Amino acid sequence: MSEAEHPLRRSADHEVTLDDVRQLMGASTPHFALQIRNRIARLIAGLPAGHPARVEGEREIARLTKLGYSGENRGVEGEEGLPPLPSVTATPQPSAAKDLHA
């Protein structure tokens with residue numbers, strides 16, 4: 001994913017809408033969260049404080065920042081006796097290349 005923007009959104013006469021913000025935030029994953037956050041920030045930068053697209057964009061920027069730095073949790077709590085999965089914020093343990101294709 002690049003941080004390049006759709007040409008129609010970049011045109012001087014384009015009025016930013018809630019739909020523009022929602023199109024960008026639609027498929028946000030931890031891997032791309034910070035790039036999407038930057039695109040939304042640029043999109044809403046010129047909008048007044050109370051504009052609906054700016055309000056939605058600022059809320060999404062906060063969520064994407066958290067997602068980008070802490071990852072996400074999915075599924076249900078682990079069963080009793082099973083070790084938890086490692087956090088994406090924890091320091092990864094190096095593994096040997098031979099272990100990757102076992």
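Things to note:
- Counted residues, region 12-50 - those being open to solvent by less than 40 Å² (accessible area, probe 1.4 Å), of a type in the set (D, E, K, R) and closer than 21 Å to Glu72 by Cβ: 1
- Members of region 28-58 found to be part of a helix (DSSP H, G or I) and more than 26 Å from Ala12 (Cβ to Cβ), listed by number: Ala33, Leu34
The values are calculated or read from the model by the stated rules, or taken from the named source; none is laboratory data. Keep in mind the model is a prediction, meaning the values are calculated, not measured. Cβ coordinates were reconstructed from backbone atoms using ideal geometry, including for glycine residues, and neighbour counts include every protein chain displayed. Note: areas computed on protein heavy atoms with side chains; ligands, DNA, RNA excluded. Shrake-Rupley method; radii C 1.70, N 1.55, O 1.52, S 1.80 Å.
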